[in-house]
Amino acid sequence: MQLVHEKQLPEPKAGEVRIKVLKTGANFTDVMIRKGKYPDVKQKLPFSPGYDMVGIVDKCGEGATKFQPGRRVADMTIIGAYSEYICLPEQNLTLVPDEVDSSDALSLILSYMTAWQMLHRVAKVQTGQTILVHGAAGAVGVALLQLGILQNLKMYGTASSAKHDLVYAHGATPIDYKNEDFVEIIKKQNGGIDAVFDPIGGSNFKRSFKTLNPGGKLVAFGFYNSVIGKGGNVPIDFLKLKLWNVLPDKRSTSFYSIGGWRKKHPEWFSEDLQKLFELLSEGKINPVISQHFPLEKAAEVHQKIERAELKGKVIFGVA
């Protein structure tokens with residue numbers, strides 16, 4: 001990735017607003033898109049990554065009247081947010097409450113939205129049930145644990161031993177995925193799980209499926225092993241997930257992609273984001289932000305993400 005200096009600012013088209021970007025995220029999803037391995041996005045090079053952003057409305061295009069210049073807004077852009085200025089359809093934007101910090105607001109757009117919709121709209125986890133979260137010290141993992149506490153869930157979380165304090169602090173039993181067998185630990189301690197949230201892929205999907213109680217659900221939301229070259233094949237993984245749904249004990253699988261879900265149910269995105277803003281304002285969730293980096297460090301940060309060196313949300317401060 002290279003930093004490019006444009007000679008002119010982009011101009012908003014009819015129904016669009018130009019936004020001065022304040023914060024954008026450094027997400028594993030961005031890595032997948034950059035490598036051409038994200039199911040919903042096939043983007044020709046060159047392009048600017050950037051899945052989520054918070055910024056200030058700078059200029060309104062013709063017919064764009066919903067947000068006045070100076071208002072702070074948020075959106076899931078999919079690509080393009082690694083920029084100082086970006087033009088977006090005003091209908092996609094959500095107003096950020098005045099009392100909400102921009103970095104905290106950014107954390108909700110991808111990580112907490114993914115966690116919220118997987119818990120409530122896909123797995124439909126009920127109060128008091130038991131879940132397993134893979135990558136529990138990551139941005140989505142921490143979001144799942146914090147939302148799980150609100151439902152009084154019993155939780156297990158896989159993470160490297162260095163990140164166990166973070167997992168434990170968020171109410172989950174940590175499991176060292178490098179040196180412990182999570183399948184055996186769960187079967188011994190709990191018997192089975194009601195829902196598993198797995199961004200790893202490959203053979204991990206099969207092992208996660210083994211931990212499920214009858215009627216339990218595996219929610220797959222990534223292919224980490226495939227992307228970094230540690231095994232797994234995205235098309236084959238998809239096929240396996242579908243085939244497991246025909247087993248007689250009513251264990252089931254779903255693949256969650258936030259971009260796909262937004263296209264299918266666009267009204268849910270703003271509705272769910274507003275709910276998350278409420279929880280944030282009430283102090284019921286507290287985003288764990290790993291580090292802030294300048295946008296010039298994007299290539300270096302992507303390397304760190306691929307090596308799983310960062311925990312929590314990683315943010316580029318653009319302005």
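The values are calculated or read from the model by the stated rules, or taken from the named source; none is laboratory data. All figures in this text were calculated on a predicted structure; none of them were measured in a lab. For neighbour counting, all protein chains shown are included, and Cβ atoms are generated from backbone atoms with ideal geometry for every residue, glycine included.
What number of residues within segment 9-46 are assigned to a loop (DSSP other than H, G, I, E, B) and at pLDDT 95 or above? Residues meeting the conditions: 7.
Considering only residues that are part of a loop (DSSP other than H, G, I, E, B), touching a residue at least 40 places away in the same chain (Cβ under 8 Å) and out of contact with any Lys or Arg (no Cβ under 6 Å at 6 or more places or on another chain), look in segment 50-65 and name the one that is nearest to residue 28 (Cα to Cα). Among those residues, the one meeting the criterion is 51. When every residue of segment 259-281 is checked against the conditions, none turns out to be of a type outside the set (Lys, Arg), part of a loop (DSSP other than H, G, I, E, B) and within 18 Å of residue 135 (Cβ to Cβ).
Taking residue 197 as the residue in question, decide whether it is in a helix (DSSP H, G or I), in the same structural domain as residue 127 (by TED's automatic domain parsing) and either hydrophobic (A, V, I, L, M, F, W, C) or in contact with a Pro (Cβ under 8 Å, 6 or more places away or on another chain) (or both). Show your work before the answer.
Numbers: in a helix (DSSP H, G or I): no; in the same structural domain as residue 127 (by TED's automatic domain parsing): yes; either hydrophobic (A, V, I, L, M, F, W, C) or in contact with a Pro (Cβ under 8 Å, 6 or more places away or on another chain) (or both): yes.
Here the answer is no, as residue 197 does not meet what is asked.
Screening 68, 43, 91 for residues that are of a type in the set (S, T, N, Q) and without any contact (Cβ under 8 Å) to a residue 24 or more places away in the chain leaves exactly one candidate, 68.
Restricting segment 193-202 to residues that are of a type outside the set (Asp, Glu) and modelled with pLDDT of 95 or more leaves a set whose member that is surrounded by the most Cβ atoms within 10 Å (Cβ to Cβ) is 197. Looking at the structure I just gave you, is residue 273 under 30 Å from residue 98 (Cα atoms), in contact with a Ser or Thr (Cβ under 6 Å, 6 or more places away or on another chain), aliphatic (A, V, I, L, M) and modelled with pLDDT of 90 or more? Considered against the rule, which asks whether it is under 30 Å from residue 98 (Cα atoms), in contact with a Ser or Thr (Cβ under 6 Å, 6 or more places away or on another chain), aliphatic (A, V, I, L, M) and modelled with pLDDT of 90 or more, residue 273 comes out as yes.
Select, from 236, 285, 305, the only residue that is β-branched (Val, Ile, Thr) and within 19 Å of residue 118 (Cα to Cα).
Values: 236 fails: within 19 Å of residue 118 (Cα to Cα); 305 fails: within 19 Å of residue 118 (Cα to Cα).
Every option except 285 fails the conditions.
Only one entry in 301, 288 is within 15 Å of residue 106 (Cα to Cα), outside the structural domain of residue 145 (by TED's automatic domain parsing) and crowded, with 20+ Cβ neighbours inside 10 Å, namely 288.
As a summary of the residue check, residue 120 satisfies the conditions (1) buried (at least 22 other Cβ atoms within 10 Å of the Cβ); (2) in the same structural domain as residue 221 (by TED's automatic domain parsing) except for the one numbered (1). Look at (1) over 18 Å from the mean Cα position of the chain (by Cα); (2) outside any loop (DSSP other than H, G, I, E, B); (3) not aliphatic (A, V, I, L, M) and you find that residue 128 fails only one, number (2).
Which members of segment 203-240 meet the condition of being part of a helix (DSSP H, G or I), at pLDDT 80 or above and within 18 Å of residue 140 (Cβ to Cβ)? Correct list: 204, 205, 208.
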